[in-house]
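Read the structure below first, then the notes.
Any read-out appearing in this document is the output of simple, stated calculations on the displayed coordinates, not a laboratory observation. Quantities reported herein were computed from a predicted structural model and do not represent experimental measurements. Every residue, glycine as well, gets a Cβ built from its backbone with ideal geometry; the counts of neighbours run over all protein chains shown.
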Amino acid sequence: MELQPGSVVVDGTLGGAGHSRRISEQIGETGHLIAMDRDELAIQRAEVLLSGTPTTLIHGNFCDLPEYLPQLEVTHVDAILLDLGLSSDQLADDTRGFSFDANGPLDLRFDTTRGEPASRLVQRLTAEHLADLIYEFGEERYSRRIARAIVGARRTTPITTAEDLASIVRRAIPHNKRDRIDPATRTFQALRIAVNDELRSLENALRRMPDCLSDGGRLAIISFHSLEDRRVKEAFRDDARLEV
């Protein structure tokens, strides 16, 4: 992002603080790093990892950046970085449900203090709504078969762990129709996106963040899957405030 000493930079997806540590080195003691994450555990870890750096930590959604800047007496920033998707710390935490084989709760929330965990979602949605969700957010061609399997399984036993759900999804997809990725991948992606309202957050950020940038400021976004990638590319193509 061609950062200079003294730059004011936002890392909107703090995660394990890898990007933030590199940014803090580049902007130096005269700079200001604003590091945000919806995951409270990421904020707590960063208090140690970024200790001694000119960093403000915010437990919040990056799409709400315009509300936070006035509180920090910051009018514009020189650069914003978003690295979308999961962090390695979240994936490794068996209590969060992001790993398919975890025997912990099927949660999937980035912010465990807000919203509805995925276990409740799979218990209350109809087969039709589940199928639509898995197809729209997971681009899963076997969404209806998977949704029927989930509804059938929950009639007998509540689906409470990631391992429970992954087993149901794997059984629902024929062996001869499977891709190289784990059969549960797209279903977990869909539920995670729904639980965290990820695409709406991204759309709001793309609409609002350009106004937070100073003249010549840079917005850098690392996308993970096609649903994110499509929205980012469309924004950079259609928004006159953004230049590639």
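For the stretch 46-60, in order, what is each residue's ³J(HN,Hα) by Karplus, 6.51 cos²θ - 1.76 cosθ + 1.60 with θ = phi - 60°, in whole Hz (x at glycine and Pro)?
3J(HN,Hα) across the stretch 46-60, in whole Hz: 5, 4, 8, 5, 10, 4, x, 9, x, 10, 10, 9, 10, 8, x.
Among P105, I173, G52, whose Cα sits farthest toward the positive end of the charge dipole of the chain (+1 at Cβ of Lys/Arg, -1 at Cβ of Asp/Glu, about the Cα centre)?
Result: I173, furthest along the dipole toward the positive end.
Taking the dipole about the Cα centre of the chain, with the C-beta of Lys and Arg at +1 and of Asp and Glu at -1, give me whichever of F62, A127, I80 is farthest to the positive side.
My answer, from the dipole projection, is A127.
Only counting other Cβ atoms within 10 Å, I'd like V48, V74, V151 sorted with the fewest neighbours first. Don't skip to the answer; put the middle values down first.
On the way: V48 8, V74 16, V151 19.
So the residues, fewest neighbours to most, are V48, V74, V151.
Report relative contact order for the chain in percent, whole number only (criteria: Cα-Cα under 8 Å, sequence separation at least 6). Walk me through the numbers on the way to the answer.
On the way: 412 pairs, mean separation 48.3, N = 244.
Relative contact order, the chain: 20 percent.
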